[in-house]
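Written out below as structure tokens is the structure these notes cover.
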Amino acid sequence: MNTLFLVAMILEAVFGLGFTLAPAFMLAPFGVALDATSTTLARLFGSALLSLAVQLWFARKSDHPAYRKGTVYALTTYYLVSGILLLITQLNGQMNTLGWSLVALHVALAVCFGYFIFK
């Protein structure tokens with residue numbers, strides 16, 4: 001579980017920093033253009049991703065099973081819902097082909113975190 005926490009922490013930190021500091025740069029490869037309002041929302045989203053990275057950092061170091069289990073439930077929910085939303089976005093043609101990589105990443109992480117719910 002610690003390895004999964006570490007991988008997710010690194011991903012959330014990288015994407016969180018990217019969305020916070022340079023959202024247009026982060027989304028351009030996926031064929032997404034931002035206006036002023038969506039740039040602000042992307043930066044707010046980036047700050048939320050940074051908070052997930054912080055939670056994952058502390059969950060890795062924690063020896064409290066309830067905290068670690070709560071983190072697993074929270075991240076499973078996040079990756080499952082975001083995977084569904086990204087799939088809908090992809091199917092609506094709002095991202096280019098590279099968008100499938102985001103769908104796959106979120107679904108894979110939902111499965112990985114979900115595994116620890118039923119383990």
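With θ set to phi - 60° and the Karplus curve 6.51 cos²θ - 1.76 cosθ + 1.60, what are the ³J(HN,Hα) couplings of the stretch 110-116 in order, to the nearest whole Hz, using x for Gly and Pro?
4, 5, 4, 5, x, 4, 6
Please state the relative contact order of the stretch 2-118 as a whole percent: Cα pairs under 8 Å, 6+ residues apart?
Numbers: 121 pairs, mean separation 34.0, N = 117.
Dividing the mean separation by the residue count of the stretch 2-118 yields 29 percent.
Would you calculate a helix-derived [θ] at 222 nm for the chain, using -39,500 (n - 2.57) for each DSSP H run of n ≥ 4 and dividing by the full residue count, to the nearest 500? Working shown, then result.
On the way: 5 runs with 98 residues, N = 119.
The per-residue figure over the chain is -28500 deg cm²/dmol.
Sticking with the crude label model, points 7 Å out along Cα→Cβ, report the distance from residue 11 to residue 81 in nm, one decimal please.
Label-label distance for residue 11 and residue 81, simple model: 1.8 nm.
Take the Cα atoms of the chain, find their three principal axes, and give me the spread along each one in whole Å, biggest first.
44, 27, 19
Set the Förster radius R0 to 30 Å, insert the Cβ-Cβ distance between residue 63 and residue 41 as r into 1/(1 + (r/R0)^6), and round the FRET efficiency to 0.05.
Numbers: r = 37 Å, r/R0 = 1.23.
For residue 63 and residue 41, the calculated efficiency is 0.20.
Find how much the distance from residue 100 to residue 118 grows on full extension, using 0.36 nm per residue of separation minus their present alpha carbon separation; answer in nm with one decimal. Write down the numbers at each step before the final one.
Details: separation 18, 0.36 × 18 = 6.48 nm, distance 2.69 nm.
So the chain would gain 3.8 nm between residue 100 and residue 118.
No lab work stands behind these numbers, since they all come straight from the coordinates. Computed from a predicted model, the values in this text were never measured in an experiment. We place every Cβ from the backbone using ideal geometry, glycine too, and count neighbours over all the protein chains shown.
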